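Quick notes on the structure that follows.
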Amino acid sequence: MFEVGDPAGIVSVLETGVWALTGVLSLASLCLWVMIGRRHRAGQLTVRLNPQPRAIIRPLTIALSLGATVFSGVAINDLLKGKTGHPLEDVIIASVYQTFIIVALMALITREGDFDTLGITTESLPRQIKTGVTAFLASVLPVFLMMLAIQPERTKDNQHSFLKRIAEDPSFETIGWVVLTAVVLAPLFEELLFRVILQGALQRVLPPKHAILIVALLFSSIHGYPDALALFPLALILGYTYLITHRYWVVVTTHALFNAVNVALLYMALPTS
């Protein structure tokens, strides 16, 4: 036991929490992969959600989407590097940028067809969420193994931007805005761009496995080295999940859960003074 306010005791509990959460999720992921392997061999691996005909996304929409993403990405990256000098202000402005881009992308893709055709539908929402949770668990083991592999490459300079912001200002306000940005806005924005728009367009002209691979490389590369290596398995799973379900909320759920767990682990790993 430790006394309230004992830094050493608090650190010990938090470290135990990190390893416990990582261990439980990794074990669940391993069990899921064993089950997937058995069902695959038995020909019972089916998770389709009655995909609708896919919309044809025009090159202009793709170009505008990528342009808006690059612009916002540069701005957000600058903010998360501490350009304003105030961690909370950085995260709030980054959240506003992401919200604006989500709205802009939604406006662009409405020109390509209705939301149902694009896979953005609340039909069978509980099942979509359940499928998203399953895909998240599938991503845990390969991503955690990659994280262990790249750990020697970790330095203070390439530390995750959100961890830096929380470390500089571990207030509830900063943590709350980080959660909003990483767990809500980032999945909405990135899945809309990479899965609905880019993968949806590439699947029209390329074999699905090639479309998934190209988008996975793009998705992981924007997160920088060494995170790109760890996120590549997640990107492949997101791409495959979107291919077989054609449902936006499925991949948003997967992405949001993944980011939520990582924010929790980052927070628990913060030094305690």
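Would you check if there is a residue in the range 22-42 being modelled with pLDDT of 75 or more, loosely packed, with under 12 Cβ neighbours inside 10 Å and assigned to a loop (DSSP other than H, G, I, E, B)? Checked against the condition, which is being modelled with pLDDT of 75 or more, loosely packed, with under 12 Cβ neighbours inside 10 Å and assigned to a loop (DSSP other than H, G, I, E, B), the range 22-42 yields at least one hit. Condition check for residue 233 on (1) at pLDDT 90 or above; (2) out of contact with any Ser or Thr (no Cβ under 9 Å at 6 or more places or on another chain); (3) not hydrophobic (A, V, I, L, M, F, W, C): one failure, at (2).
Hey, any hits in the range 257-266 for a residue that's buried (at least 17 other Cβ atoms within 10 Å of the Cβ), more than 13 Å from the chain's Cα centre (by Cα) and at positive phi? No: the range 257-266 contains no residue that is buried (at least 17 other Cβ atoms within 10 Å of the Cβ), more than 13 Å from the chain's Cα centre (by Cα) and at positive phi. Just so you know, in the range 109-132 the residues that are surrounded by 14 or more Cβ atoms within 10 Å (Cβ to Cβ) and of a type in the set (Val, Ile, Thr) include one that is nearest to residue 260 (Cα to Cα), and it is 129. Do you know which of the residues in the range 235-248 that are under 15 Å from residue 120 (Cβ atoms) and not polar (S, T, N, Q) is surrounded by the fewest Cβ atoms within 10 Å (Cβ to Cβ)? My answer is 248. Modelled with pLDDT of 95 or more and within 29 Å of residue 175 (Cβ to Cβ): does that describe residue 222? So residue 222 does not fit the description; no. Considering (1) in a helix (DSSP H, G or I); (2) within 30 Å of residue 57 (Cβ to Cβ); (3) free of Cβ contacts under 8 Å to residues at least 12 places away in the same chain; (4) not charged (D, E, K, R), the lone condition that residue 152 does not fulfil carries the number (2). If you check every pair at least six apart or on different chains, which have Cβ atoms under 6 Å apart with a residue in the range 194-206 that is surrounded by fewer than 24 Cβ atoms within 10 Å (Cβ to Cβ) first and a residue that is of a type in the set (Gly, Ala, Ser) and outside any loop (DSSP other than H, G, I, E, B) second? Pairs found: 202/211; 203/211. The residue that is nearest to residue 240 (Cα to Cα), among those in the range 147-174 that are hydrophobic (A, V, I, L, M, F, W, C) and surrounded by fewer than 19 Cβ atoms within 10 Å (Cβ to Cβ), is 147.
Screening residue 251 on (1) buried (at least 22 other Cβ atoms within 10 Å of the Cβ); (2) of a type in the set (Val, Ile, Thr); (3) farther than 29 Å from residue 116 by Cβ shows it passes everything except condition (3).
Here residue 123 passes the criteria (1) at pLDDT 75 or above; (2) over 21 Å from residue 200 (Cα atoms); (3) not basic (Lys, Arg) except the one numbered (2).
Per the conditions (1) loosely packed, with under 14 Cβ neighbours inside 10 Å; (2) among the charged types (D, E, K, R); (3) at pLDDT 55 or above, the sole criterion not satisfied by residue 89 is (1). When you check residue 106 against the structure, is it within 25 Å of residue 208 (Cα to Cα), in a helix (DSSP H, G or I), modelled with pLDDT of 70 or more and in contact with a Pro (Cβ under 8 Å, 6 or more places away or on another chain), yes or no? In short, no.
The values are calculated or read from the model by the stated rules, or taken from the named source; none is laboratory data. Owing to the predicted nature of the structure, the values given are computational and were not obtained by experimental measurement. Positions of Cβ are backbone-derived with ideal geometry, glycine not excepted, and every protein chain shown enters the neighbour counts.
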